[in-house]
Amino acid sequence: MSKNIIFVFSGTGNSLWVAKEIAKELENCEIVSMGLDWQGPLPAGYDSIGFVYPTYASGVPKRIKDFIAKLDLQNNKEAYYFAIATCGRVSKAQNVITQIRRYLKQKGIHLHYGERLDMFSNYVVGYEMRETVLEEAQQSAIDIKPMIEAIKN
Ligand SMILES: Cc1cc2nc3c(=O)[nH]c(=O)nc-3n(C[C@H](O)[C@H](O)[C@H](O)COP(=O)(O)O)c2cc1C
């Protein structure tokens, strides 16, 4: 049986939903919060290792950068690595995959697949929730499908 893990960070649930959707399709997949401090090296034997997180200020949240810097992946250098950054259609968020690819590369890890998934924005300190939230959520549920297929394949 394969062994998979998804590290997730989620302020309001979008990224957690994405992690759960992917985990449903991968057998034997645990979901671990990047809000917690990880202790020690990740044990060997993972087939795939994923990171799912929101976009902040067009990039990777600092919490994720710090988490990855401390995460010891040396036992799993040959695993399949993927990242999905959820974003709120606020900015083009161009950096959000480029950055995590670089953070992993600095640890000698290759990111095999990285994508942004447009979702509804939760940046409510900046503006009200958009009235199109329901339609946007329905579209995200469609847009995620080819990403899951790509990761599975
Ligand atoms: C502090 C903050 C900054 C954000 N910055 C961006 C941004 O630059 N571009 C964007 O498209 N969405 C931005 N968003 C929206 C979130 O990335 C988006 O809604 C995401 O799906 C939320 O995921 P979560 O529910 O897992 O936290 C921001 C949200 C917050 C709270």
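The values are calculated or read from the model by the stated rules, or taken from the named source; none is laboratory data. Since the model is a prediction, treat every value here as computed from it, not as a measurement. A quick note on method: Cβ atoms are made from the backbone with ideal geometry, for glycine too, and the neighbour counts reach across all protein chains shown.
Observations on the structure shown:
- Test result for Asn76, surrounded by 14 or more Cβ atoms within 10 Å (Cβ to Cβ), touching a Leu at 6+ places or on another chain (Cβ under 7 Å) and in contact (Cβ under 8 Å) with a residue 12 or more places away in the chain: yes
- Residues (touching a residue at least 24 places away in the same chain (Cβ under 8 Å) and of a type in the set (Lys, Arg)) located in the stretch 118-153: Lys152
- Considering Asp72, Asp47, the condition of being of a type in the set (Asp, Glu), under 14 Å from Ile6 (Cβ atoms) and at pLDDT 95 or above is satisfied by Asp47 alone.
- Screening the candidates Asp47, Asp37 for the property of being free of Cβ contacts under 8 Å to residues at least 60 places away in the same chain and more than 22 Å from Lys152 (Cα to Cα) yields one hit, Asp37.
- Some residue of the stretch 15-35 being more than 16 Å from the ligand (Cβ to nearest atom) and of a type in the set (Gly, Ala, Ser): no
- Test: Met129 is at negative phi and outside any helix (DSSP H, G or I): yes
- Residues that are within 14 Å of the chain's Cα centre (by Cα) and of a type in the set (A, V, I, L, M), drawn from the stretch 73-92: Ala83, Ile84, Ala85
- Taken over the stretch 46-64, the criterion of being surrounded by fewer than 19 Cβ atoms within 10 Å (Cβ to Cβ) and either over 22 Å from Arg89 (Cα atoms) or in contact with a Lys or Arg (Cβ under 6 Å, 6 or more places away or on another chain) (or both) is satisfied by Asp47 alone.
- Set side by side, the residues Val60, Val52, Val90 differ, and just one is closer than 26 Å to Met1 by Cβ and β-branched (Val, Ile, Thr), which is Val52.
- Counting the residues of the stretch 60-82 that are basic (Lys, Arg) and within 16 Å of the ligand (Cβ to nearest atom) gives 3.
Matching residues to (1) of a type in the set (Ser, Thr, Tyr); (2) surrounded by 13 or more Cβ atoms within 10 Å (Cβ to Cβ); (3) touching an Asp or Glu at 6+ places or on another chain (Cβ under 9 Å):
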residue	(1), (2), (3)
Phe82	no, yes, yes
Gln94	no, no, no
Leu104	no, yes, no
Lys107	no, yes, yes
Asp118	no, yes, yes
Glu131	no, no, no
Gln139	no, yes, yes
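- Scanning the stretch 58-71 for residues being more than 15 Å from Ser10 (Cα to Cα) and of a type in the set (Gly, Ala, Ser) gives a total of 2.
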